[in-house]
Structure formats: C-alpha cells, structure tokens
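Below is one structure; the comments refer to it alone.
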Amino acid sequence: MNQSEKTRTLVMTALFAAIIFVVTRINIPTGIGAHVIHVGDSMIYLAACILPMPYAMAAGAIGAALSDAITPGGMVWVIPTMLIKPLLVIYFTSGKGKFICVRNVAAVVLAGLTGVFGYFLADAIMTGNFMAGLAAVLPGLLQPLGSAIVFLAMGYAFDMMGVKNKLKRQLRGNV
C-alpha cells in the first residue's frame, strides 16, 4: 500500500468511526429496563466490508466507545465495547465485489451472537452475577437483529448501485 492509499484508508477509517459514533447515538428504548436498541453495529459491518480488517476494527472500537463515553451512565461500558466491537469485524470479508455474499450474510449472524455473548460476559463480570448478565440476553438480541436488517438492506441497495467497486477504486486512487 503506497502513502496515498494509506492516507485514503486512514481517512475512510476516521469517517467510519464518526458514522458509527453518530448512528450508535440514535437510541430506541425497548421498554425493558434501561435497554436500548441502536443500529451502530450495521455501520461496523459496512466498514468491515470496505476497509482492511485492522482499520475496520479500529473504526468500530473508536466510534462505539466514544458513543458509550458520552452516554449518561455509559462510561462503564467503554472498555468492554473496545474489546467486543472489533470482534464483530472478523467474520466479514472486504475482498468480495459485493456487500451481500454468503460469507457476509453468515457474518451478520455470527457477529450478532458474538456481541450478545460479549456483553453478557461483560455484564456478568461487572455485576459479579451471571444471572444478571443472563437477564440482559433477550433484550440484547434485539440490537443485532436491527443491525442485521439495516446492513442487509443497505448492502443490497449499495450492491445494486455498484458502490463497493467505486469505493475500492477511490481507496486505490483510481477515481
């Protein structure tokens, strides 16, 4: 990767971190305790389909953790978020010419389960009570479901417009 490509990739990473931050801030209350739904993970999935893995991991960790940091009572989740969100990226491929492919559809399910399990574990460790963590699993399943729907819809639309190939050309500087 030459210097120009590195700069473009870094800029795209920062852009995705900002998008992830903003979309994660849009919270929809579930009515179940303090649980909310956001579709910020869908933007992490999109980043994972465009950026090289370490950059997508950084964008997810930074964007989601910053959102937690400014959410009232969310500061306790910053470190778990910085550990969990990068794991969501590992299932996706950025090597395909499309967002929606067999691997990325399966990745949505695996990433969702990874997030739910990761936050279950973090909640159980922080409270010292695995039953408390277990109570958060059911409402916690709503978030990856919403993110999956948004990612699949956006991915399909982007595939129809040829967005991925255009972005790849821009990252390489072949505008």
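Figure legend. Inter-residue proximity from region 141-170: first residues under 11 Å from Val39 (Cβ atoms), second residues β-branched (Val, Ile, Thr) and surrounded by fewer than 17 Cβ atoms within 10 Å (Cβ to Cβ), beta-carbon distance below 7 Å, spacing 6+ or different chains. Indicated pairs: Leu142/Thr30. Scan region 77-101 for residues that are loosely packed, with under 15 Cβ neighbours inside 10 Å and either aromatic (Phe, Trp, Tyr) or modelled with pLDDT of 95 or more (or both) and the total you get is 3. Only a single item in (1) exposed (fewer than 14 other Cβ atoms within 10 Å of the Cβ); (2) in contact (Cβ under 8 Å) with a residue 60 or more places away in the chain; (3) in contact with an Asp or Glu (Cβ under 7 Å, 6 or more places away or on another chain) is not met by Gly115, and it is number (1). Note on region 19-43: among residues that are free of Cβ contacts under 8 Å to residues at least 60 places away in the same chain and open to solvent by less than 50 Å² (accessible area, probe 1.4 Å), the one that is nearest to Ser147 (Cα to Cα) is Met43.
The values are calculated or read from the model by the stated rules, or taken from the named source; none is laboratory data. Predicted model, so just to flag it, every value in this text is computed and none were measured. Cβ: placed from backbone, ideal geometry, glycine included. Neighbour counts: every protein chain shown. These area figures cover heavy atoms from the full protein model, side chains too; ligands, DNA and RNA do not enter into them. Shrake-Rupley method; radii C 1.70, N 1.55, O 1.52, S 1.80 Å.
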